[in-house]
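Below is one structure, written out as structure tokens; comments come after it.
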Amino acid sequence: MSVSTELNKLKRVWCLYRVSTKKQLTADDDIPTQREQCRNYAKAHSNWKISNELYERGISGWKKSIDERDELLTIRKAASKREFDILLVFKDDRIGRNADELPYMLNFLHKCDVEVWTTQEGQIKLENQADKLMTYVRFWQSESESVNKSQHVRETKKLLSQQGFFQGGVAPYGYKIVETDQKHPKKRDRNLKILLPDLEESKIVQLIYSMYIVHHKGYRKIVDFLNEEGYRKRNQELFTVNTIQRILHNPIYIGLKRYKSFDGKDGDTQPFNEKLRILTDDLYFKAQEITKKRKEAINFQDKTGIPLAGKLLFSGLAYCEYCGDKLQSNYIYRKDNGAIIYRYRCPGNKGNNNHKKNMWGAKKFDSLIINEIKAMLSLINIEKYIDSSVNKKKEKLETKEKNVKSLEREKDKLILAAKTLNKEIANSLLGSSKFTPDQLSTALELNESKVTEITIQLESLKEELQYEKDNYSDIIFTARELDQWEIKFDNAEDDLKKAMLSRIIKKVYLSKDKIEVDFAFDINEIMATQSFQPILV
């Protein structure tokens, strides 16, 4: 037999090598192992000759469909042109793990007279229905293995996150990454890491919240102040508005770190971790409340919510008792002595007779209003208010939190039971279960119904819990705001005085003979906690 005839009998072999993650390309690159196994396997067949080797680096055989994998498209195109006779892979899962698509791929190659071989399982045959069924079961098991492995990785990362360990990325501003003595459960050459507050950065975080809440500064003013005073982000970068926005709305500062993509939905947070705390709860939630009010004010084009400018103490807060219009700032200049006299003026008085007064001297009425406020606040015993109202709210909040945790535990048990039932259904289909598929399906439906019911209950209870948290935060903030308010007010600068007034007052109505103060909190509710009857202002 001639050499030419011998070569004509050689089967052309294409090899496919794949690794799932980019990390396998460096630390645990198994492509050389696959290549060596395939080459040795081909050498063991005298009539085989490798004519092409294809590589897929960092490609998931489960997440990526056949149409999204360039090398598989190349293989299909070449197979249709009869450019090779055998596709050789290390294991069948190198082709993929999707049980729905892989039989289609194998059937396509079979119709093109291409044999599919693996170094571990031998030839994958599709000669009859039994071959096709066994092939499908193999790929179904491979897909299940991939799903279970992915779930295991996610659960491991989630568990580590719940235990307070850092899972990678850049530390949020205000924190530093600290390596522990504990070994990583999967990467034994590495230690687990945690986040801890950075002393200097955490002080700046507290300063930002103070400027936003206490001094009523907006994002831009906070940025300008920090940069002008020499404060810098990491790597000596200037602060930006986006940075301030992220800091003001990140719950990590009260010990609630947001989940990353692998372990939660958007908006979800990990279990509370006191070691992460930089701020008090009421301070953080007050910032969220201010942001919400400012957004609503912008949406409704209402600028009355929080007065930030104006010469007069009650600019933005003073209203006319007669028509309800907001009073405008006004002043007159006396040439004889150069004095400037500031006044509140009602813009709604257009010559109508229903206004008995439409101008109020700022110096006189500012003093009268402040004295009225001080007189009212002096009647409040903060300790009694905290004992009778704050502590009751706290107990109610803790009860709802316990109820939520109890329902979450019950839901987790049901989800775990569902996973067990799904596995048992697979065993039943293969004939290795003492239960029938119908029995298991009925049990699974009942389980899903319970999960749905608990999920609805949880959503409702979480809404109630959030309401109680907001309510509790408001009460705590009010208690702290009112405590020694007069002393703090008298020693504050004008800008801070305006901010302090806007936090406890909604509006002040002025008329000829009366001043009516509309407080931002329920004054009667507070008075009800005292030892005397409520006094209406």
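The values are calculated or read from the model by the stated rules, or taken from the named source; none is laboratory data. Small disclaimer: the values here were computed from a predicted structure and weren't measured. Using ideal geometry, Cβ is built from the backbone for each residue, glycine included, and neighbour counts are taken over all protein chains shown.
The condition of being assigned to a helix (DSSP H, G or I) and surrounded by 17 or more Cβ atoms within 10 Å (Cβ to Cβ) holds for only one of Ile370, Ile415, that being Ile370.
Quick test for you: out of Glu481, Glu459, Glu448, Glu486, pick the one residue that is under 21 Å from the mean Cα position of the chain (by Cα) and part of a helix (DSSP H, G or I). Answer to the selection: Glu459.
Working only within the range 497-508, note down all residues that are under 25 Å from Glu383 (Cβ atoms) and not in a helix (DSSP H, G or I). Spell out the reasoning first.
First, the residues of the range 497-508 that are under 25 Å from Glu383 (Cβ atoms): 500-501, 503-505.
Selection gives Ile505 alone.
Only one of the numbered conditions (1) closer than 30 Å to Asp518 by Cβ; (2) in contact with a helix residue (DSSP H, G or I) (Cβ under 7 Å, 6 or more places away or on another chain); (3) not assigned by TED's automatic domain parsing to the domain that holds Ala520 is not met by Leu458, and that is (1).
If you check Ile382, Ile369 for being touching a strand residue (DSSP E or B) at 6+ places or on another chain (Cβ under 9 Å) and β-branched (Val, Ile, Thr), only one passes: Ile369.
Taking the stated definitions as given, is Ser432 within 28 Å of Ser460 (Cβ to Cβ) and hydroxyl-bearing (Ser, Thr, Tyr)?
Judged against the criteria, Ser432 is not a match.
The rows are residues; the columns are (1) surrounded by fewer than 15 Cβ atoms within 10 Å (Cβ to Cβ); (2) free of Cβ contacts under 8 Å to residues at least 24 places away in the same chain; (3) in a helix (DSSP H, G or I).
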{"site": "Ser406", "(1), (2), (3)": "yes, yes, yes"}
{"site": "Glu468", "(1), (2), (3)": "no, no, yes"}
{"site": "Asn471", "(1), (2), (3)": "yes, no, yes"}
{"site": "Asp495", "(1), (2), (3)": "yes, no, yes"}
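Hey, does the range 383-392 have a residue that's touching a residue at least 24 places away in the same chain (Cβ under 8 Å) and over 29 Å from Ile475 (Cβ atoms)? No: zero hits.
Any residue at all in the range 429-440 that's assigned to a helix (DSSP H, G or I), among the aliphatic types (A, V, I, L, M) and surrounded by 15 or more Cβ atoms within 10 Å (Cβ to Cβ)?
Among the residues of the range 429-440, at least one is assigned to a helix (DSSP H, G or I), among the aliphatic types (A, V, I, L, M) and surrounded by 15 or more Cβ atoms within 10 Å (Cβ to Cβ), which makes the answer yes.
Of Gly264, Gly324, Gly351, all but one fail to be farther than 21 Å from Leu496 by Cβ, among the small types (Gly, Ala, Ser), assigned by TED's automatic domain parsing to the domain that holds Leu501 and modelled with pLDDT under 75; the exception is Gly351. Report yes if some residue within the range 289-304 is among the hydrophobic types (A, V, I, L, M, F, W, C), closer than 30 Å to Gly255 by Cβ, at pLDDT 90 or above and in the same structural domain as Ile244 (by TED's automatic domain parsing); otherwise report no. No - not one qualifying residue is present in the range 289-304. Starting from residues that are part of a helix (DSSP H, G or I) and among the small types (Gly, Ala, Ser), keep the ones in the range 373-388 and report whichever is nearest to the chain's Cα centre (by Cα). Step by step, filter the range 373-388, then rank; the result is Ser388. Among the residues of the range 205-227, not a single one is of a type in the set (Asp, Glu) and farther than 28 Å from Ile504 by Cα. Within the range 348-367, restricting attention to residues that are part of a loop (DSSP other than H, G, I, E, B) and under 30 Å from Phe489 (Cα atoms), which residue is farthest from the chain's Cα centre (by Cα)? The selected residue is Lys357.
Matching residues to (1) more than 25 Å from the chain's Cα centre (by Cα); (2) among the basic types (Lys, Arg); (3) not assigned by TED's automatic domain parsing to the domain that holds Leu276:
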| site | (1), (2), (3) |
| --- | --- |
| Ile208 | no, no, no |
| Glu228 | yes, no, no |
| Arg232 | yes, yes, no |
| Thr240 | no, no, no |
